[in-house]
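**Q** First the structure, then my questions, so here it is.
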Amino acid sequence: MNTILIIDDDDQLRASFDKLLVEEGYAVRSAVSGEEGLKMMQGNSPDLVILDMRLPGMNGLETFHKIHGIEPKLPVIMMTAYSTTETAIEATKSGAFDYILKPFDIPEMLTVINQALEAGRFMRSPIDMDVTPDQASHDAIIGKSKPMQEVYKAIGRVSATDTTVLIRGDSGTGKELAARAIYQHSHRADKPFIVINCVAIPESLLESELFGYEKGAFTGAAFRRVGKIEQASGGTVFLDEIGDMPLSIQAKILRLLQEKNIERLGGRETIPTDVRIIAATNRDLEAALADGRFREDLYYRLKVVTILLPRLCERRSDIPLLTEYFLSRYASELGMDNPGIVSEAKAVLDNYPWPGNIRELANTIQRILIFNRGSPISREDITQAISGASAGRDGDPNLVDQKIREWARKALTSEYKDNLFDSCMDHYAAILISEALAITGGNRSQTAKLLGLSRPTLHSKINKFHLKLETSVKKEPS
Ligand SMILES: Nc1ncnc2c1ncn2[C@@H]1O[C@H](COP(=O)(O)OP(=O)(O)OP(=O)(O)O)[C@@H](O)[C@H]1O
Ligand SMILES: [Mg+2]
């Protein structure tokens, strides 16, 4: 469970934060001053600090510098009123994760908290490479096969340098893990590691997220904002899904790589920028090039050092090791004993094509563990889990699909067709979420994991659909 330390002298604010964050499944500690907060951190560091700018005694900025001096990788979110925004910006320039303006928009704040925790985890949790499952004490890259040995060698070679690296491979092959491993083993490992997912951020926001903006750069830009690249100064920026980056931003990234500087939106100042870029994509960049969706100059610049992650079906000999790793890891995360797996079941895993690669294997094992609650994993458990997932993917007309089709037809022919698509999707999403809540006994963080949603997204959907926990947990899991 993640622990969040709140430092604020406002009793009411601390109390409402406490309530909200505990509900979201976080452990919360709070302090009324910078001095008290620092004392609390001794020997027992939280995963995130949320710090008010205006504090009695040591002020927010000083407190931030002290915290950052002791634990440079601990993410800190500053809370600021309009009057202290400039100082909050100073803090982000020196490495605070972000700042939020009072009064808060709760879903937005939960999103920032989630991002900050993930950033902290990425920076702080090391990646074990080329280990056996029982040696893996942290996140690990597992695999002994020849193609993986090549990957380890490549990671080793590039880690020691400052060169730009392009990581390629199908979805779920471990590109993000490889990027983290390069960072962890580089001489920038004690500096920030900032992840930008080029598809998760809407195009209109991506540019300002990366490069920041000056006050007045566009309507709504009431203050200067420091972009993620500037914030990562001295560190590493991971541009995930770079194959989906809009052309206009590709041009700016090229300039960053060539000239090592950036400009904030609406700004004239050229800001020298020392960051190492790691990029990843599962796209066919050559096709994107041919269609004019990807710049040729950027492509050649990026591909000089490429690491290609093999598909799982190209390294089948690793399936047993990976299975063992995910079984023990997820069993312990779910607080259960590792139930083990019978040998005929292993054979099914060995022979399945795994189009979703390692992510699919990991998800399959996690799903089976949740459903079968402790008995050794059988051949049937696996065929069921796999066929359920592939039916969803291939659209096989099985019974479930037929029911959904009937229901869709009814909706399409009904009189009420306002927002038909969205309301049908919501209808289905609400069922899915309430079933997931029932399976996890209402545990939101397990539910989010099970559904592959972030906690803030799950939270906002639960609110949107007015899902009542009491009613959903009473239902018998089918
Ligand atoms: N070699 C490996 N050993 C252990 N776990 C792995 C390995 N490769 C991938 N994983 C796990 O599989 C999941 C997917 O990996 P990751 O997110 O790195 O894939 P990706 O290539 O970035 O996929 P996408 O293109 O969809 O973003 C993660 O949970 C990751 O921890
Ligand atoms: Mg990825």
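Derivation of every value follows stated rules applied to the coordinates shown; laboratory data play no part. Not measured: the values here are computed from a predicted model. Please note: Cβ atoms are built from the backbone with ideal geometry, for glycine as well, and neighbour counts cover all protein chains shown.
**Q** Looking only at residues that are among the hydroxyl-bearing types (Ser, Thr, Tyr) and surrounded by 16 or more Cβ atoms within 10 Å (Cβ to Cβ) in the range 352-387, which one is farthest from ligand 1 (Cβ to nearest atom)?
**A** Step by step, filter the range 352-387, then rank; the result is SER378.
**Q** Right, GLY335: without any contact (Cβ under 8 Å) to a residue 12 or more places away in the chain and away from ligand 2 (no atom under 16 Å from the Cβ) or not?
**A** In short, yes.
**Q** Could you check the range 285-299 and list, in sequence order, the residues that are surrounded by 12 or more Cβ atoms within 10 Å (Cβ to Cβ) and more than 16 Å from ligand 2 (Cβ to nearest atom)?
**A** Listed by number, the residues that qualify are ALA288, LEU289, ARG293, PHE294, ARG295, ASP297, LEU298, TYR299.
**Q** Looking at (1) away from ligand 2 (no atom under 16 Å from the Cβ); (2) under 13 Å from the mean Cα position of the chain (by Cα), which one does ASN197 not meet, given that it meets all the others?
**A** Against the list (1) away from ligand 2 (no atom under 16 Å from the Cβ); (2) under 13 Å from the mean Cα position of the chain (by Cα), ASN197 comes up short only on (1).
**Q** Here's a follow-up. Among the residues of the range 310-342 satisfying the criterion of being closer than 23 Å to MET148 by Cα and among the acidic types (Asp, Glu), which is surrounded by the fewest Cβ atoms within 10 Å (Cβ to Cβ)?
**A** Selected residue: GLU314.
**Q** Given the criterion buried (at least 19 other Cβ atoms within 10 Å of the Cβ) and of a type in the set (Ser, Thr, Tyr), identify the matching residue among THR132, THR92, THR111.
**A** Answer to the check: THR92.
**Q** Further question on the same structure: How about the range 58-143: which helices (runs of 4 or more DSSP H) wholly inside it have at least 1 residues that are over 17 Å from the mean Cα position of the chain (by Cα) and within 17 Å of ASP47 (Cα to Cα)?
**A** So the answer is 60-70.
**Q** Which one of these does THR161 not meet: (1) farther than 28 Å from ARG264 by Cβ; (2) within 16 Å of ligand 1 (Cβ to nearest atom)?
**A** The failed condition is (2).
**Q** Related question: So which of LEU289, LEU322 ends up being part of a helix (DSSP H, G or I) and touching a Phe, Trp or Tyr at 6+ places or on another chain (Cβ under 6 Å)?
**A** Going through LEU289, LEU322 in turn, just one is part of a helix (DSSP H, G or I) and touching a Phe, Trp or Tyr at 6+ places or on another chain (Cβ under 6 Å): LEU289.
**Q** While we're here: Which residue pairs have Cβ atoms under 7 Å apart, sit 6 or more places apart or on different chains, and have a first residue in the range 92-120 that is basic (Lys, Arg) and a second that is surrounded by fewer than 17 Cβ atoms within 10 Å (Cβ to Cβ)?
**A** Pairs that qualify, where the first residue is basic (Lys, Arg) and the partner is surrounded by fewer than 17 Cβ atoms within 10 Å (Cβ to Cβ), are LYS102/ALA81.
**Q** So, of the residues in the range 159-194 that are part of a helix (DSSP H, G or I) and surrounded by 20 or more Cβ atoms within 10 Å (Cβ to Cβ), which turns out to be nearest to ligand 2 (Cβ to nearest atom)?
**A** LYS175
**Q** Please determine whether any residue of the range 18-30 is closer than 30 Å to ALA221 by Cα and in a helix (DSSP H, G or I).
**A** Within the range 18-30, one or more residues are closer than 30 Å to ALA221 by Cα and in a helix (DSSP H, G or I).
**Q** What is the residue count in the range 66-125 for residues that are over 25 Å from PRO272 (Cβ atoms) and of a type in the set (D, E, K, R)?
**A** Of the residues in that region, 8 qualify.
**Q** Considering each of SER145, SER208 in turn, give the residue that is among the hydroxyl-bearing types (Ser, Thr, Tyr) and within 16 Å of ligand 1 (Cβ to nearest atom).
**A** Numbers: SER208 fails: within 16 Å of ligand 1 (Cβ to nearest atom).
On inspection, the qualifying residue turns out to be SER145.
**Q** Continuing with the same structure: Could you tell me which residue of the range 195-208 is surrounded by the most Cβ atoms within 10 Å (Cβ to Cβ), considering only residues that are of a type outside the set (A, V, I, L, M) and touching a helix residue (DSSP H, G or I) at 6+ places or on another chain (Cβ under 6 Å)?
**A** Of everything passing the filter in the range 195-208, CYS198 is surrounded by the most Cβ atoms within 10 Å (Cβ to Cβ).
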